[in-house]
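Structure first, commentary second.
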Amino acid sequence: MIMDAWQRQDWAAMYPLMADTADDPLPTLSVFEAEMAARNVSLLEYSLTPGTVSFDGQAATIVLDAVVRARDGGDAQIVRESVPLVRVKDNWAMHAATLASLMIRD
């Protein structure tokens, strides 16, 4: 759902799937939307593994292959990137820093 929301650039749909923890607080929705618009990185295509879940069921890792396009027109490949997720209530969520790392490519 996170990748689908990114591909559609539907930041309001993505927002509830972002981790908001004491160690990594999530900004307000309006700030989050502004940050995503400023980054202006499109997810052109992606595939991911079903993932592996930690023994305690509170963390998981998926492996992502994707193509992203930065605002300057440069495309970048993400190849077999391990993406950590955390359980927030009944959903898997991604930390904002993880999303930012996926968007920043050389």
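Scanning the range 77-106 for residues that are open to solvent by 20 Å² or more (accessible area, probe 1.4 Å), part of a helix (DSSP H, G or I) and without any contact (Cβ under 8 Å) to a residue 60 or more places away in the chain turns up T98, S101. For the range 55-76, taking the residues that are out of contact with any Lys or Arg (no Cβ under 7 Å at 6 or more places or on another chain) and exposed (fewer than 13 other Cβ atoms within 10 Å of the Cβ), the one that is nearest to M36 (Cα to Cα) is identified as R71. In the range 44-57, the residues that are more than 23 Å from M103 (Cα to Cα) and free of Cβ contacts under 8 Å to residues at least 60 places away in the same chain reach residues that are in a strand (DSSP E or B) and of a type outside the set (S, T, Y) with C-beta atoms within less than 6 angstrom, at least six apart or across chains, in these pairs: V53/A60. Here the condition is being outside any helix (DSSP H, G or I), out of contact with any helix residue (DSSP H, G or I) (no Cβ under 8 Å at 6 or more places or on another chain) and open to solvent by 50 Å² or more (accessible area, probe 1.4 Å); of A22, A34, A38, it holds for A22 alone.
The values are calculated or read from the model by the stated rules, or taken from the named source; none is laboratory data. Note that the structure is a prediction, hence the values are computed from the model and not measured. Positions of Cβ are backbone-derived with ideal geometry, glycine not excepted, and every protein chain shown enters the neighbour counts. Calculation scope for accessible area: heavy atoms of the full protein, side chains included, ligands and nucleic acids excluded. Shrake-Rupley method; radii C 1.70, N 1.55, O 1.52, S 1.80 Å.
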